[in-house]
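Following: one structure in structure tokens, then a few remarks.
Any read-out appearing in this document is the output of simple, stated calculations on the displayed coordinates, not a laboratory observation. Keep in mind it's a predicted model, so treat the numbers as computed, not measured. Note: ideal-geometry Cβ built from the backbone for every residue, glycine included; neighbour counts use all protein chains shown.
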Amino acid sequence: MGRILFFIFFIYSISHSQENLSYLTYSIPGDIPQNFFESPLKIPLQLSGTFGELRSNHFHAGLDIRTQQKQGIPVYAAADGFVNRIKVAHFGYGKALYIQHPNGYSTVYAHLQKYAGEIEDFVKNTHYENESYEIEVFPKANQLIVKKGDLIGYTGNTGSSGGPHLHFEIRDNSSRPMNPKLFGINVDDTRDPLINSVFVYPQGNDSHVNQNQNPQQIRLVPQTDGNYIAEKITAFGTLGFGISTVDQQNAANNRNGVFRIQTHHNGEKSIDIVFDRISFDETRYINRYTDYGYFKEKKSRIQKLFIERNNPLSILKSSKNNGFISVSDSLNSTYTIFVSDFNGNNVRISIPIEGLKLPIKKEKSIEEHNHFVVAREGALIEKGKFSVYIPPNSLYEDAFLQITSDGDILNFHQDNIPLHTNVTISVDVSNYEASDMDKVFIGKLNYRGEPYYSSTSRVGNVLSTKVREFGTYGLAIDTIPPVITAANFSDKQWISNHKTLQIKIEDKQSGIKNYRATINGKWILMEYEYKNNLLTYDFSDHINSETENNLKLIVTDNVGNSSKFEATFHRK
Ligand SMILES: [Zn+2]
């Protein structure tokens, strides 16, 4: 009991005597213009995503602004400038607009339903000139000039968007996304960050935590003031810590990213992580920064508060000894984690550490598998009819991999280790009939063994594909052409009051590669929404005539099977 009382006193004295509160506040760098950008929406700002939020294989590059669960809300230019890029894609940002501003910054508006005014006209013309829904154009400086507050489009749900919202970014003059809140675009937030869990990772051969060399969760005891004190750990040697934390704003319950994590060991700064700016070149290092294996198993992202090799992330600011701490025998200390959101709401976690060199009871568990790959060397591994090329530094660290093959199936380890760059999987398909060879593809198999098409190319009898994820891959054959069905009309129908023409297209095996539609021999723009398998033609494009119209549609899947659809409809 005396010992526990001593500890409580000890923690109290550390946190209240040595702590310098000035490190808690963040000051915006003087070179970031304030009030230059205004909100792109005129509705009250509510966020479903914050900058730097942890997503799969990337940090979120902007703000996701909620749009009242609907599409079609007007979007305005955040500042003066000109449209310097327009990209329309089936996936990713869907319909996106980029504005270049005179001070070197640019803004991005994504997942739009449509553009507005002369921008919409420009985009429509580009679709018809290119005879393609997917386009990317770079207008010149004097072509599409906008003033702050000009209507530029309407919010939507296009591309890889899971619900109506506006994705908004501010990029610096090197196209690096920055946190829009740094520019004064902010929302009400008086809620503290939520702490899900804290972990400790013993490093090296003689380190331990509670006589165990494996990563362990630390039990946290909530305090009445909202902070936490952890249950004391007994440790020795080099340690790193990790945290799973999210932030919530006042007007929405979405679990968003925090703004800053600072750690101290005995009052001395250990690491400072600030979500201020993240370039696209570095964003995939999220798989190095977070505990990848833990996420794959538990669906919770632990941010590692230490810097391992092959982690160049610029959000990791000043650090002492890369965020690792050293615990000596018979020396007590306190490790403090300080989590804050952009508005300065914060939570402190104090972890009392008793330094004790003790015999290790549970050694580091290393799973040995059939291939040991040295990260900086890479490897070329042959298994049955498959061969796998892992380039140098595709792995962040040396690893044992379990790689086996069984006929047309390649078991390429388990998806619990991250891959930074593409790995090439090749497979000999000479056992297939020559006529089938073009219909065979490599797919990633889900838990039910169903293949998901992986972009496959063929040279002679060898198929190959590039992947960035471990898992089970296999050969599959697709001889079934896409299925096409009229969605809102039928053949020979009068549809004078229809605003749009909709057709459902599906290919359950290799998936849709492309499509081409014409009315009376003239190409028509059909917008493809993969989320509901719909193609939509807007009658306001006026390609059809005011009498009988002949519609033709050809849809091709990823291995080249195609289907043709024809129908006649009447309008006046
Ligand atoms: Zn977004």
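With only Cα atoms counted, region 319-389 has Rg and Dmax values of 21.6, 58 Å. Per the Debye calculation on region 416-572 with a single equal scatterer at every Cα and no solvent contribution, log₁₀ I(q)/I(0) for q = 0.15, 0.19, 0.20 Å⁻¹ amounts to -0.83, -1.08, -1.15.
A Stokes-Einstein calculation at 10 °C with viscosity 1.306 mPa s, built on the Kirkwood radius of region 317-435 over Cα pairs, returns a diffusion coefficient of 83 µm²/s. Helix content alone sets the calculated 222 nm mean residue ellipticity of the chain: runs of n ≥ 4 DSSP H residues at -39500 (n - 2.57) each, divided across all residues, give -2000 deg cm²/dmol.
Stretched out fully, how many nm does the piece from residue 219 to residue 147 gain, at 0.36 nm a residue minus the Cα gap?
Numbers: separation 72, 0.36 × 72 = 25.92 nm, distance 5.39 nm.
Gain in length upon complete extension: 20.5 nm.
Entry note, the chain: relative contact order of 10 percent, from Cα contacts under 8 Å with a spacing of 6+ residues. In this Cβ point-charge picture (+1 for Lys and Arg, -1 for Asp and Glu), region 337-473 has a dipole of about 400 debye about its Cα centre. For residue 547, what is the net charge nearby, where nearby means another residue's Cβ is under 15 Å from its Cβ and Lys, Arg count +1, Asp, Glu -1? Net charge in that neighbourhood comes out at +2. Over the chain, the reciprocal of the mean inverse Cα-Cα separation, the Kirkwood hydrodynamic radius, stands at 27.2 Å. Bridge orientation summary for the chain: considering DSSP beta bridges with both residues in this region, about 95 percent are antiparallel. With the simple spin-label model, which puts each label point 7 Å out from Cα in the Cβ direction, the residue 317 to residue 122 separation comes to 3.8 nm.
Listed highest first by mean packing, meaning other Cβ atoms within 10 Å per residue, what order do 298-304, 137-143 come in?
With the highest mean Cβ count within 10 Å placed first, the list reads 298-304, 137-143.
When every Cα-Cα distance of region 105-160 is counted in 5 angstrom steps from zero, the calculated P(r) takes the values 4, 15, 25, 31, 18, 6, 1 percent. When Rg and the Kirkwood Rh are both derived from Cα coordinates, the Rg/Rh ratio for region 239-394 amounts to 1.03. A Förster distance of 35 Å, applied to the separation of the beta-carbon atoms of residue 188 and residue 27, puts the FRET efficiency at 0.95. The phi torsions of region 120-134, fed into the Karplus equation with coefficients 6.51, -1.76 and 1.60 and a -60° offset, translate into couplings of 4, 4, 4, 5, 4, 4, 5, 4, 5, 5, 8, 6, 8, 6, 7 Hz, rounded to whole numbers, with Gly and Pro shown as x. One decimal place: the segment residue 372-residue 430 gains 17.9 nm when fully extended, by the rule 0.36 nm per residue minus the C-alpha distance. Specify which residue in the list 243, 259, 215 is farthest towards the positive end of the charge dipole of region 208-289, using unit charges on the beta carbon of Lys, Arg (+1) and Asp, Glu (-1), about the Cα centre. Among 243, 259, 215, the one farthest towards the positive end of the dipole of region 208-289 is 215.
Net charge within 12 Å of residue 263 by Cβ-Cβ distance, Lys/Arg positive one each and Asp/Glu negative one each, not counting residue 263 itself? Write out the running numbers ahead of the final one.
On the way: positive: 260, 269, 304, 317, 320, 348; negative: 268, 272.
Every neighbour counted, the sum reads +4.
What is the gain in length, in nm to one decimal, between residue 437 and residue 206 on full extension, counting 0.36 nm per residue of separation less the C-alpha to C-alpha distance? Provide the component values of the computation, followed by the final result.
Values: separation 231, 0.36 × 231 = 83.16 nm, distance 5.53 nm.
Computed gain between residue 437 and residue 206 is 77.6 nm.
How large is the dipole of the chain about the Cα centre if only Lys and Arg carry +1 and Asp and Glu carry -1, each at its Cβ, rounded to the nearest 20 debye? Walk me through the intermediate numbers first.
Numbers: 59 positive and 62 negative charges, 124 e Å.
Dipole size: approximately 600 debye.
Taken along its three principal axes, the alpha carbon spread of region 288-353 comes to 37, 32, 27 Å, from the longest extent down to the shortest.
Evaluated over the Cα positions of region 372-460, the convex hull gives a direction-averaged projected area, one quarter of its surface, of 6.2 nm².
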